[in-house]
Amino acid sequence: MLQIKNLHATVEGEEILKGINLSIKPGEVHAIMGPNGSGKSTLASVIAGNEDYEVQEGDIIFDKANISELSPDERAHKGIFLSFQYPVSIPGVSVTNFIKTSINQIRKSRGLEEMSASDMLKTMREKSKLLGIDRKFLSRSLNENFSGGEKKRNEIFQMAMLEPKLAILDETDSGLDIDALKTVANGVNKLRTEDNATLVITHYQRLLDYIVPDVVHVLLDGKIVKSGDKDLALKLEREGYDWLKTETVNA
Amino acid sequence: MAQTDQDLKEKLISSFFAFEEQMDLENDHHQMRDDAIKIFEEKGFPTKKLEEWKYTSLRPVLNSDFNLFPKEEKSLEYNDIKKYCIHDIDSYQIVFIDGVYSSHLSTTTHDKFDACLMSSFLNRPKYKPLVDKYFNQITPKESMDALNTAFSKEGAYIRVPKEVAAEKPVQILNFSTGSDEKLMLQPRNLIIVEEGAEVEVIERHQSLTENEVLTNSVTEIFLEKNAKLDHYKIQNDKQKASLIDSTYVKQAESSDCEIYTFSFGGKLTRNNLHYFQDGEYINSSMKGVTIIEDKQHVDHNTLVHHTQPNCESHQDYKGIFADRSTGVFNGRVLVDKIAQKTNAFQSNNNILIDDKATINSKPQLEIFADDVACSHGCTIGELDEEALFYMRSRGIPEKEARALLMYAFANNVLNSVNIPELKRRITKQIANKIGVSLGFEL
Amino acid sequence: MAYTEQELEKELEHKEYEYGFYTDIESDKLPKGLNEDIVRAISKKKNEPEWMTEWRLEAYRGWEKMQEPDWSNVNYEKPDYQNISYYSSPNSSKPKYDSIDEVDPELLDTFNKLGISLEEQKKLAGVAVDVVMDSTSVATTFKKNLAEKGIIFCSISEAIQEYPELVKKYMGSVVPKNDNFFAALNSAVFSDGSFCYIPKGVKCPMELSTYFRINESGTGQFERTLVIAEDSSYVSYLEGCTAPMRDENQLHAAVVELVALDNAEIKYSTVQNWFPGDKEGKGGVFNFVTKRGLCEKNAKISWTQVETGSAVTWKYPSCVLKGDNSIGEFYSIALTNNYQQADTGTKMIHLGNDTKSTIISKGISAGRSQNSYRGLVKANSRAKNARNFSQCDSLLMGNKCGAHTFPYIEASSNSAQIEHEATTSKIGEDQIFYCNQRGIDEEKAIALIVNGFSKEVLNKLPMEFAVEAQKLLEISLEGSVG
């Protein structure tokens, strides 16, 4: 579903990604781990098409099409969803209104009719129930004065509404207490199907207790230095990243 | 009444010729003065019809009997003026009595930097390049400024050379002795802080009698790259003394200029404080505390012109108005198209103590750049009732509680005053004004 | 978020200036120019009584001596007042319509295009509409239903004939005939407008609405609205404005007077969409309007406006809070794009004790436009416990426009509490990216963010107007991206 080939990217002239190769198949959950500054969030932003980053080399193939030249909204239309580490607030725009705009724009891009108001309300009710979201929450201004947990839950709620093919969760666990973490992870698990894929970006192993990955990649200094199964995450938790650094240097 | 300002205008213009004769006509400044008097002749005294003078009328302080050149020189002893200077710190002092320099009361310097007289600056050939570069370069062509330029002769001149931090503050003290029944003064100051240099200045205008005096002062300030200036203006004058104090500041990149204005008295005080930013990463701050009573009038007219990206400006003016006093805050922030990433904050808070007191506030933002953070806030109101209640519930009587709150309201501007003795002095003045005696410092 | 369900149903694909069509109906027009004879002619055409003619002439004589003001932050070529036709009436054989069926079908079609089909409004929205096209009032729907409650809702011309005592008493009582240059001009030449009278204790059961439209080329529009709410009455009044696209500038100088007597409440909402001129700044309406309301004891006047149109706007809906406990409110969205200039705001004059006012102003500037808020809050020394809160926010889009704030705050009472805040900001790149990531393109994202920015004010509009206003904001911003 997603293939990244030799991806190099810079921000303000500084190279952050130094040749990433990654391949994700439908139904899979991949996790990317790595210390601060290794380029994890950059990778998420580059896949989503953030224009602050400049792609110097390499291709991003999604659903057999090269999406490297597409704008962020066009990528979203194709089914890429990014759950932001720091979701921005948009004062005066309600969660409902935002999601409604989002869904109808995506439908429009696919040549579909707008979703009827009653279907929209029905889906919202369903998904908010799934994630334990209060209906009142939907009338609040998007991310404005939201707590850390509310912001993350809102991201996952949007994901549930948009039903993307590829969901990228950027540090979704940061700032969450254990109960909130469980709720969010539970939501993600319920939304998993054979046709969609998830890319979990995290600093800690603890989220992976709840969202169990098929493949774990370690990102160090802009490169994937090691891939393995979920045990790799446990090893990293126990031993840190230093042994990998030495390994890389020696290699 | 309508005639008074006309008469005074006539008197000023005819005196100008006498003044010119006294000066050296060969002097380069003749043309400058002549142009200036023409501007004043055309514009006359400002009236309330002008937007910038909407809330301040000069009429009550204009008097055709003003003497423009003091008749006799009166000498003062140090004890007469001691209480008006910050005497407990080591400083240079430039003292003027009725507009005339008093050498025996002054301590000037030419050592590490210049703190001396405008008259010698203007007349000595060695200063000519500096005069050409700085003098009258940023003063607007408005009537009161032009009037000052036309009669510019004396005042303080301070120049701190490159990378020099002035070792002690400079006090500029202007006294009027009442030797003339009615006196009009036109002091002219120039402060140049060169690249990487630093200096602190304290400025005061003080009348020693109850005779009428009108001071029309103009100060030009230049800060070169990385320069720093803290300038404190203390205005706590007698009931019949009025002051129009115009200060124009031009700043080069990464310079930092803070000007404090403490207005506690005088009949009419008008402060024009205008900053022109000419470089990036400049900080311009202006802070003011105004506490007045009776029929006193204080007008703060500020302008910050942001012309380059990445600069900041901060304005914080607090006012407490009792009896029939009136306050004006007319603050303007102008952000040019290219001045992206400007941070400009403007705050004006006022408390009216009596029912006849008035505040007119006009905080303006004019913004032509989109990537900026600009805001202003203005409040007019009473003291925080909750805080008042809290204090009373702790046994503080209402009167004291009110005074304390007002004191705290005004006092927070003082926090950034860098000269401890000055801070202490002003704190005490504020406490006196408000009628609270504190055994401690807040 | 009361409109969420509504919003769900609305989406738009309008381009250009949607209402820029020209209705081809013969009109009855006076020769260009202004003098006492023209003033008399207007009065005569309308078959007015002598006192009205005299009133107009006094206004004209005052106007002659006045100068067009130039203190506002707008630049425009002053209109040539002798080159304007001061009266233009759609030329129908009958002066009045007994039923809607008699209205020129083409006119009706115009209204349909405006989205205010009278019949539909009648059936669905329950809004009584008075339509002023160019200068004369065309039809007032729902008259009968209102009359049962004693409510008078008719054209001002009709009011002058039928209710002269009311008109005599109140016209010019809030905006004196020589109040300012444009008000004086209006007083001399106003051709029509709406009149509304709500008797004591009556709550008007429906929204009253007037649609203004300039049609004829080379005409000015000078309508006059007078709303009187007697003791303990309530009315919500809507005003909509459109004008066709034209190369030359058209002049609109209206006067609106509101009188809220003891315990009465008037809600006055405006969606102004006069033609703003084209992308090069050619054409467009000069909108120089005087709007003022007077509040007696415990009365409340609330102005809500959404201003997206006009080349030049000069407008300060004000409240004179004369009675104790009276309340004034001003909620405004002013959006300028291309070469538009707006200088708008309000005046809150606190005269009575315990008076309160609220000002929420949202200014949005795009293109090469200049958008200024200018407001006055004044607390007289006799006004005990006056309260005001003002919030003025500006949003800048792009680097060729300007946003300016000129608040005047004058307090002479120690019991006054006044708070004013203003901020200036832009739409964040991160906000756009966030929307993009959710599949929302840039133009739509901006519309969404601008709508959010304006929400506090949109929420104050009656439902059907709120939807239209959102639509207008979106249309007005088109092409401002990039």
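The values are calculated or read from the model by the stated rules, or taken from the named source; none is laboratory data. Bear in mind the structure is a predicted one, so any value in this text is a computation, not a measurement. Positions of Cβ are generated from backbone atoms using ideal geometry, with glycine treated the same way; all protein chains shown enter the neighbour counts. For accessibility, only protein heavy atoms count, side chains too; no ligands or nucleic acids. Shrake-Rupley method; radii C 1.70, N 1.55, O 1.52, S 1.80 Å.
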Would you mention how many residues in region B:335-354 are under 16 Å from B:N271 (Cβ atoms) and more than 8 Å from chain C (Cβ to nearest Cβ)?
-> 2
Does A:G27 satisfy the condition of being at positive phi, open to solvent by less than 30 Å² (accessible area, probe 1.4 Å) and in contact with a strand residue (DSSP E or B) (Cβ under 6 Å, 6 or more places away or on another chain)?
-> no
Per the filter on region C:425-448, residues open to solvent by less than 10 Å² (accessible area, probe 1.4 Å) and facing another protein chain (nearest Cβ under 7 Å) are C:Y434, C:Q437, C:R438, C:G439, C:I440
Quick one: count up the residues across region C:321-380 that are among the basic types (K, R) and either in contact with a helix residue (DSSP H, G or I) (Cβ under 7 Å, 6 or more places away or on another chain) or part of a loop (DSSP other than H, G, I, E, B) (or both).
-> 3
Which of (1) facing chain B (nearest Cβ under 10 Å); (2) touching a residue at least 12 places away in the same chain (Cβ under 8 Å) does C:G352 not meet, given it meets every other one?
-> (1)
Count of region C:389-411 residues which are within 8 Å of another protein chain (Cβ to nearest Cβ) and open to solvent by 30 Å² or more (accessible area, probe 1.4 Å) = 3
Would you check which residues across region B:42-55 are away from chain C (no Cβ under 13 Å) and assigned to a loop (DSSP other than H, G, I, E, B) and list them?
-> B:G44, B:F45, B:P46, B:T47, B:K48
Of the conditions (1) over 25 Å from the mean Cα position of the chain (by Cα); (2) within 14 Å of chain A (Cβ to nearest Cβ), C:G452 fails just one. Which one is it?
-> (1)
Restricting attention to region B:370-408, which residues are more than 7 Å from every other protein chain (Cβ to nearest Cβ), open to solvent by less than 70 Å² (accessible area, probe 1.4 Å), within 32 Å of the chain's Cα centre (by Cα) and not small (G, A, S)?
-> B:L383, B:L404, B:L405, B:M406, B:Y407
Reported set for region A:83-123 where residues are more than 10 Å from chain C (Cβ to nearest Cβ) and surrounded by 15 or more Cβ atoms within 10 Å (Cβ to Cβ) is A:Q85, A:T123
Could you list all residues from region C:449-465 that are open to solvent by 10 Å² or more (accessible area, probe 1.4 Å) and in contact with a Phe, Trp or Tyr (Cβ under 6 Å, 6 or more places away or on another chain)?
-> C:K460
In region A:125-142, is there at least one residue being surrounded by fewer than 18 Cβ atoms within 10 Å (Cβ to Cβ), more than 13 Å from chain C (Cβ to nearest Cβ) and not charged (D, E, K, R)?
-> yes
Scan region A:148-166 and report the pairs whose first residue is within 12 Å of another protein chain (Cβ to nearest Cβ) and whose second residue is in a helix (DSSP H, G or I) and open to solvent by 30 Å² or more (accessible area, probe 1.4 Å), with Cβ atoms within less than 6 Å and a gap of 6+ or a chain change.
-> none
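Is it true that B:V413 is within 22 Å of B:H87 (Cα to Cα) and buried (at least 18 other Cβ atoms within 10 Å of the Cβ)?
Taking the combined requirement at face value, the residue does not satisfy it.
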Note on B:R332: of the conditions (1) under 30 Å from C:K384 (Cβ atoms); (2) more than 9 Å from chain C (Cβ to nearest Cβ); (3) open to solvent by 50 Å² or more (accessible area, probe 1.4 Å), unmet is (1)
Selected residue (only one of C:A386, C:A379, C:A469, C:A416 is buried (at least 24 other Cβ atoms within 10 Å of the Cβ) and either within 14 Å of chain A (Cβ to nearest Cβ) or under 30 Å from B:A339 (Cα atoms) (or both)) = C:A469
Does C:D278 fit the bill of being farther than 24 Å from C:F190 by Cα, more than 19 Å from the chain's Cα centre (by Cα), open to solvent by 10 Å² or more (accessible area, probe 1.4 Å) and modelled with pLDDT under 95?
-> yes
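For the structure I just gave you, tell me whether B:E312 is at pLDDT 95 or above, over 22 Å from B:R270 (Cβ atoms), out of contact with any His (no Cβ under 8 Å at 6 or more places or on another chain) and more than 11 Å from chain C (Cβ to nearest Cβ). Step through it out loud before you land on a result.
Numbers: at pLDDT 95 or above: yes; over 22 Å from B:R270 (Cβ atoms): yes; out of contact with any His (no Cβ under 8 Å at 6 or more places or on another chain): yes; more than 11 Å from chain C (Cβ to nearest Cβ): yes.
Yes: the conditions hold for B:E312.
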Breaking point among (1) within 14 Å of chain C (Cβ to nearest Cβ); (2) farther than 25 Å from A:R206 by Cα, for A:S45 | (2)
Exception for A:I224 within (1) in a loop (DSSP other than H, G, I, E, B); (2) closer than 22 Å to A:I80 by Cβ falls at (1)
Report whether or not B:V164 is open to solvent by less than 20 Å² (accessible area, probe 1.4 Å) and β-branched (V, I, T).
-> no
Which residue pairs have Cβ atoms closer than 6 Å, lie 6 or more positions apart in sequence or on different chains, and pair a first residue in region C:443-466 that is in a loop (DSSP other than H, G, I, E, B) with a second residue that is open to solvent by 10 Å² or more (accessible area, probe 1.4 Å)?
-> C:K460/C:Y331; C:P462/C:E207
Taking B:I367, is it at the interface with chain C (Cβ under 7 Å from one of its Cβ atoms) and without any contact (Cβ under 8 Å) to a residue 40 or more places away in the chain?
-> yes
Verdict on B:N343 being closer than 22 Å to B:Y260 by Cβ and buried (at least 19 other Cβ atoms within 10 Å of the Cβ) = no
